[in-house]
């Protein structure tokens, strides 16, 4: 039963984790908009999500430590960090900085909105599961 619950929420969990990591990367880009030579970075969200979900399906993870022989042996997911890619600017800066504030703000707002939508989906799924359990 728990395996089915975990499998049904795996995609959403990985999506929210990646969105949170991407939000940090975008915030770092915005914070370094005036830093000479700073190269803007981003995550290829689709490929990172595919890798994370496939790793979860294949059981690729780390064994959790047990302190007693009576503990149930479980597999935990290995923490993966998505590959950070450099952005190619539409217009190069004289000081070598590749952050384009308009593009960063749009990406930041879009990612935040999608994160909130993901939370809404997870909340709705959990509410429906709770309603089914309560009868």
- For residue 62, indicate whether it is part of a strand (DSSP E or B), touching a strand residue (DSSP E or B) at 6+ places or on another chain (Cβ under 9 Å) and at pLDDT below 75. yes
- Message: Out of everything in the range 121-135 that is loosely packed, with under 10 Cβ neighbours inside 10 Å and at negative phi, what residue ends up being modelled with the lowest pLDDT?
- Response: 133
- Item | Selection count, the range 1-57, where residues are touching a helix residue (DSSP H, G or I) at 6+ places or on another chain (Cβ under 9 Å), under 25 Å from residue 120 (Cα atoms) and not in a helix (DSSP H, G or I) | 2
- Task: Filter the range 22-39 for residues that are closer than 15 Å to residue 93 by Cβ and touching a strand residue (DSSP E or B) at 6+ places or on another chain (Cβ under 7 Å) and give the result.
- Result: 29, 39
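The values are calculated or read from the model by the stated rules, or taken from the named source; none is laboratory data. Keep in mind that what you see is a predicted model, and the values were worked out from it rather than measured. Cβ atoms come from the backbone with ideal geometry, glycine included; neighbour counts cover every protein chain shown.
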